[in-house]
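A short worksheet on the structure shown next.
The values are calculated or read from the model by the stated rules, or taken from the named source; none is laboratory data. Because the structure is a prediction, the values reported are computed rather than measured. Virtual Cβ from ideal backbone geometry, glycine too; neighbours counted across all protein chains shown.
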Amino acid sequence: MLTKVKLRKRKISAGRLSLYLDFYPPIPHPKTGTPTRREFLGLYIFEKPKTPFDKQHNSETLKIAESIRQKRENFLNKPEIYCEFEREQLHKKELGEQNFIEYFRKLANKRKASNYDNWISALNYIEAFTNGMLRFADLNEKFLEDFKEFLLTTKSKKSEKTTLSQNSAVSYFNKVKAALKQAYKDGILQTDLNAKISPIKPTETNREYLTLDELNRLAKTPCSNDLLKRAALFSALTGLRFSDIQKMVWGELEYIEGQGYYLNFRQKKTKNVEVLPISEQAYGITKGKKNPNDMPQDKPVFDGLKYSAYYNKHLSQWIDAAGITKNITFHCFRHTFATLQLFNGTDIYTVSKMLGHKDLKTTQVYAKIVDEAKRKAANKIKLDM
């Protein structure tokens, strides 16, 4: 019995149609061996093309899809006309026709709970550079070097007046490299392009922090939003990120008699599971009962904490009221924790573990801040000789 192969369309996001092949009767899935009727091609067309580019894209993509359909039908119904080498070459050519942008989008969507926003931002820039269509066959070192240059010179999508920051370019290009690495593992790319392309070098950023005196002044200064104040001071005493403080529930806190308080949680950014000892003073800021087991276990510790321009305004007003002129954001309280720990003699390995860093190099940035501050302090004492 001959296998019929039809080209079909399915609606996806942003007014597009995904193209796939429909087999009847079903064929064995190439990976699992179970019967399947569908094979998605990683190609899409616009449901309602509006511009000449959209129409050209639809026309060219449909020709590619039809060519794949015809070859697949021939392969299934007339296998004798292909030798093993020809079948392998045909398979490689079909893989090369798939759209890297759609592949990248699928990888981004798998990261809903981890770095999703960063992946989507990277996707937006590579879509802008390619107009949404990039065949795997067109991926090469020159293209990637050109895209690297594009990231380093393009305007930021957040503000057309400024160029995309270098560290943002670093992050977005690393996402593309990660996708290339995965595509090589999946057998779509025949060469490891990721290994051939060097990443963009990051620039060191100025990590603003508060001195112990400034932190004490803030603690004594009233804030119009007490929840925000308590969360910020909790960050300064624990080194936790805003996202981890916001999602923290009472069930993650533990009290052990004779040892103190601990926080057992999974970092939102890295997904690593951490066990973090916290001071009694830090726990006191939560306003919880002595034993966190006596609190509603599923309820957020800082219930109602949000990140918005409105909350940032309260933060700025609180900083100003304390007479602090530094540009302090919420994340600076995490920097403050790291810097003050090193200032007070905690070894860098311990600080790295408390911050949940994967790499000690990340923590070494704070050590440089401390060394520079100590150098300035040493130079303040001069004898009149």
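Filtered by the rule that a residue be over 12 Å from Ala122 (Cβ atoms), surrounded by 11 or more Cβ atoms within 10 Å (Cβ to Cβ) and either in contact (Cβ under 8 Å) with a residue 60 or more places away in the chain or not basic (Lys, Arg) (or both), the stretch 151-161 gives Leu152, Thr154, Ser156.
Is there a residue in the stretch 13-29 that is within 28 Å of the chain's Cα centre (by Cα) and either modelled with pLDDT under 90 or more than 20 Å from Glu127 (Cα to Cα) (or both)? Yes, because at least one residue in the stretch 13-29 is within 28 Å of the chain's Cα centre (by Cα) and either modelled with pLDDT under 90 or more than 20 Å from Glu127 (Cα to Cα) (or both).
Yes or no: Met354 more than 20 Å from Pro222 (Cβ to Cβ), in contact with a Gly (Cβ under 9 Å, 6 or more places away or on another chain), touching a residue at least 60 places away in the same chain (Cβ under 8 Å) and surrounded by 15 or more Cβ atoms within 10 Å (Cβ to Cβ)? Criteria met by Met354. Applying the criterion of at least 1 residues that are modelled with pLDDT under 80 to the helices (runs of 4 or more DSSP H) found wholly in the stretch 311-385 leaves 360-379.
Tell me, please, whether a residue that is modelled with pLDDT under 90 and not in a strand (DSSP E or B) can be found in the stretch 36-47. Among the residues of the stretch 36-47, not one is modelled with pLDDT under 90 and not in a strand (DSSP E or B), which makes the answer no.
Selection of helices (runs of 4 or more DSSP H) fully inside the stretch 155-264 by the criterion of at least 1 residues being more than 23 Å from the chain's Cα centre (by Cα) and among the hydrophobic types (A, V, I, L, M, F, W, C) returns 212-220, 226-238.
Look at the stretch 38-60: where a residue is on the phi < 0 side of the Ramachandran plot and a partner is small (Gly, Ala, Ser), sitting 6+ places away or on another chain with Cβ atoms under 6 Å, you get Leu41/Ala65; Leu43/Ala65; Tyr44/Ser18; Glu47/Gly15. Does the stretch 62-74 contain at least one residue that is outside the structural domain of Arg135 (by TED's automatic domain parsing), of a type in the set (Ser, Thr, Tyr) and either surrounded by 14 or more Cβ atoms within 10 Å (Cβ to Cβ) or within 14 Å of Leu17 (Cβ to Cβ) (or both)? The answer is no; no qualifying residue exists. Taking the stretch 293-310 as the range and being part of a helix (DSSP H, G or I) and either among the aliphatic types (A, V, I, L, M) or at positive phi (or both) as the test, only Ala309 passes.
Return yes when Ser308 is surrounded by fewer than 19 Cβ atoms within 10 Å (Cβ to Cβ) and touching a residue at least 12 places away in the same chain (Cβ under 8 Å) and no when it is not. Against the criterion (surrounded by fewer than 19 Cβ atoms within 10 Å (Cβ to Cβ) and touching a residue at least 12 places away in the same chain (Cβ under 8 Å)), Ser308 does not qualify.
Criterion applied to Leu193, Leu164, Leu180, Leu189 was being surrounded by 14 or more Cβ atoms within 10 Å (Cβ to Cβ), closer than 21 Å to Glu149 by Cβ, at pLDDT below 90 and of a type in the set (A, V, I, L, M), and the one residue passing it is Leu164. Applying a threshold of 6 Å to beta carbon distances and a minimum spacing of six or more residues, or different chains, the list of pairs starting in the stretch 279-297 at a residue that is under 19 Å from Gly258 (Cβ atoms) and in the same structural domain as Gln259 (by TED's automatic domain parsing) and ending at one that is surrounded by fewer than 12 Cβ atoms within 10 Å (Cβ to Cβ) and modelled with pLDDT of 95 or more is empty.
Conditions tested, residue by residue: (1) modelled with pLDDT of 90 or more; (2) surrounded by fewer than 18 Cβ atoms within 10 Å (Cβ to Cβ); (3) touching a helix residue (DSSP H, G or I) at 6+ places or on another chain (Cβ under 7 Å); (4) aliphatic (A, V, I, L, M).
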residue: Lys92; (1), (2), (3), (4): no, yes, no, no
residue: Phe100; (1), (2), (3), (4): yes, no, yes, no
residue: Arg105; (1), (2), (3), (4): yes, no, yes, no
residue: Ala113; (1), (2), (3), (4): no, yes, no, yes
residue: Asp117; (1), (2), (3), (4): no, yes, no, no
residue: Ala122; (1), (2), (3), (4): yes, no, yes, yes
residue: Ile126; (1), (2), (3), (4): yes, no, yes, yes
residue: Thr130; (1), (2), (3), (4): yes, yes, yes, no
